[in-house]
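Okay, structure first, notes after.
Every number here is computed from the coordinates shown, using simple stated rules; none is lab data. What you see is a predicted model, and the numbers here were worked out from it, not measured in a lab. In this analysis, Cβ positions are derived from the backbone assuming ideal geometry, glycine residues included, and neighbour counts consider all displayed protein chains.
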């Protein structure tokens, strides 16, 4: 991914206010307002090769419809939803202060009137609100963020995924698409998600930077556990080192810990407690026109696709944990026309809990490979062509396989 595109992607996802990543700048008294975002749409052509496996825990599965149709076409948004963000920055009382609010309207729809719902209850063109946060700090001691933004754990995994400019997995036609596709989520890394948080980030110390935060613990109500309220906040953190030169890049490691508790402490034999934990490590290196990414994650009770999804289940009044791991490798190269060509392979695995049947219907693995071409038609407009093959398999050896061809464009501003 070239620097201009990478800055645009990072800006659209994180709305980082900086001169290098400026959108539409408007001076407003003591404030500077940055209006930024993207618009994208893709035509998706999908072919389902194998339809043996169907399970609610397989988020990356796509099955035939009720009439047995195994081909699907439609127009939809890619992995990165269309985006409209507003960031305001100012300097007051020796503090850098900013706010960010963003909205994500969708292209995908599946209703006769095109407004987001139909007789079957499908709501595919919903309006998202992924960011609402304030920051304050100084380059001498760091920055504090309060509000809703991308999570820390697995955040770098999605930011370095080439399919962020395209579709990747889950690129179904309008009949199955939501406001976004999956890209490499669930086939190489877990979803960082958009979470309420209070996070501290250190200043950049010669390339080294760290961040740590407390997060909304969420319900993690998998398999009808009913554990809506939690005893503590979630905790996530990351360390990162970046460098420049002929060979530039960064290496990072991040982690997360959430506690799941059910019942009144010390008053019932059916009290259950489990800790969801996960960690990852990755590297992204650029040498000339060549870009390489390597990433791996592992955890306990962390499940698959999203942190905690299918990671905890209740058995005989106790919690059992399903552990997940996976990773992806990616190579991209910019040819003389400016077109970036890329290949990515990723896999996510989910273990059975201790004592779970060997032929359980839970998902075992979700695997994907993608080839893509990303051409900067103008400074802000990129044409995208991708082909992805996704293979899912349950512990019962049943399989779900499909491939998707995606053609479209993404405009950053």
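Taking the mean number of other Cβ atoms within 10 Å as a proxy for protection, how do you rank 206-218, 42-54 from highest to lowest?
On the way: 206-218: 16.4, 42-54: 18.2.
Ranked by mean Cβ neighbours within 10 Å, highest first: 42-54, 206-218.
Full-extension gain between residue 361 and residue 281, please, as 0.36 nm times their residue separation minus the C-alpha to C-alpha distance.
Details: separation 80, 0.36 × 80 = 28.80 nm, distance 3.00 nm.
Between residue 361 and residue 281, full extension yields an extra 25.8 nm.
Work the Kirkwood hydrodynamic radius out for segment 300-413: mean of 1/r over every pair of different alpha-carbon atoms, inverted, in Å.
Details: mean 1/r = 0.0606 Å⁻¹.
Kirkwood hydrodynamic radius for segment 300-413: 16.5 Å.
Which of 102, 66 comes first, and how do the rest follow, when ranked by fewest Cβ neighbours within 10 Å?
Listed from fewest to most nearby Cβ atoms, that is 66, 102.
Could you order the peptides 354-360, 300-306, 278-284 from most to least packed, using the average number of other C-beta atoms within 10 Å per residue?
Numbers: 354-360: 10.9, 300-306: 24.7, 278-284: 20.6.
Per-residue mean Cβ counts within 10 Å order the peptides as 300-306, 278-284, 354-360.
Within 10 Å of each residue's Cβ, count the other Cβ atoms and sort 393, 240, 69 from fewest upward.
Details: 393 20, 240 17, 69 10.
So the ranking, lowest neighbour count to highest, is 69, 240, 393.
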